[in-house]
Every structure is written in structure tokens, then in C-alpha cells.
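What follows is calculated from the coordinates using simple rules that are stated; it is not laboratory data. All values derive from a computational prediction rather than experimental measurement. All Cβ positions, even for glycine, are placed from backbone atoms using ideal geometry, and neighbour counts span all protein chains on display.
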Amino acid sequence: MRRILLGIWIVAVVVFFIDWGIVGLSLLTGNYEVQAGIYVGLVCMILIFMGVFYKLFVNRCPYCGKFLFFDETYCSSCKKEIQR
Ligand SMILES: [Zn+2]
């Protein structure tokens, strides 16, 4: 399940950059019909923020409750192995 969520998050980041690249190019070439591109970009931005909030508030050590930012195998605080 975690891998699926991480996959969705990575796709959202990639789509986000590609999408804003397309929107930026469209605006540079004088094409202002970019509403759809902006909506896609905003949805991706929400997904990215949700992923970051998940990391910040849900991804904690089950033993001591310390926040884990990088999916460490061992908790940096209590040194216990984290089962995933
Ligand atoms: Zn811990």
C-alpha cells in the first residue's frame, strides 16, 4: 500500500512539473487557453501537499512517536527497527 501511495505521489510530482511547463510554454506563445492545464496542476499540487503532510504527521516511529522523514529502517531517536 505504501509503495502505491509513493508511486502516486511521484507521478503527481512529475505531472505537476510537465503540466506547468506546458502551461508556461502556452502562455509564452500567446495561448491563454490554459484553464485545464491549471486545474491539473492544482490537483497535482494538492496531492503533493497531502503526501508531505502524510510524511509530517502520520509517518512516525511506532515506539517513541518521533517523526520519520526518510522512511528510515531504524529510528534515529530510539534506535529500534521499524517494521513496514
Ligand atoms: Zn523511535
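Taking the range 23-42 only, how many residues are exposed (fewer than 14 other Cβ atoms within 10 Å of the Cβ) and either in contact with a strand residue (DSSP E or B) (Cβ under 9 Å, 6 or more places away or on another chain) or not small (Gly, Ala, Ser) (or both)?
Residues in the range 23-42 being exposed (fewer than 14 other Cβ atoms within 10 Å of the Cβ) and either in contact with a strand residue (DSSP E or B) (Cβ under 9 Å, 6 or more places away or on another chain) or not small (Gly, Ala, Ser) (or both): 11 in total.
In the range 2-39, which residue that is of a type in the set (Val, Ile, Thr) and not in a helix (DSSP H, G or I) is farthest from Phe70 (Cα to Cα)? Talk me through it step by step, then tell me what you get.
So the first thing to find is which residues in the range 2-39 are of a type in the set (Val, Ile, Thr), and the list is 4, 8, 10-11, 13-15, 18, 22-23, 29, 34, 38.
Imposing the further condition that a residue be not in a helix (DSSP H, G or I) reduces the set to 29, 34.
Working: Thr29: 40, Val34: 36 Å.
Applying the filter and picking the extreme gives Thr29.
Return the residues of the range 57-67 that are out of contact with any helix residue (DSSP H, G or I) (no Cβ under 8 Å at 6 or more places or on another chain) and either surrounded by 12 or more Cβ atoms within 10 Å (Cβ to Cβ) or part of a loop (DSSP other than H, G, I, E, B) (or both); say none if nothing qualifies.
Those that are out of contact with any helix residue (DSSP H, G or I) (no Cβ under 8 Å at 6 or more places or on another chain) and either surrounded by 12 or more Cβ atoms within 10 Å (Cβ to Cβ) or part of a loop (DSSP other than H, G, I, E, B) (or both): Val58, Asn59, Arg60, Cys61, Pro62, Tyr63, Cys64, Gly65, Lys66.
Taking Val34 as the residue in question, decide whether it is more than 23 Å from Trp9 (Cα to Cα) and hydrophobic (A, V, I, L, M, F, W, C).
yes
Of everything in the range 56-84, what is closer than 18 Å to Trp9 by Cα and either in contact with a Phe, Trp or Tyr (Cβ under 6 Å, 6 or more places away or on another chain) or within 10 Å of the ligand (Cβ to nearest atom) (or both)? Give them in sequence order.
Leu68
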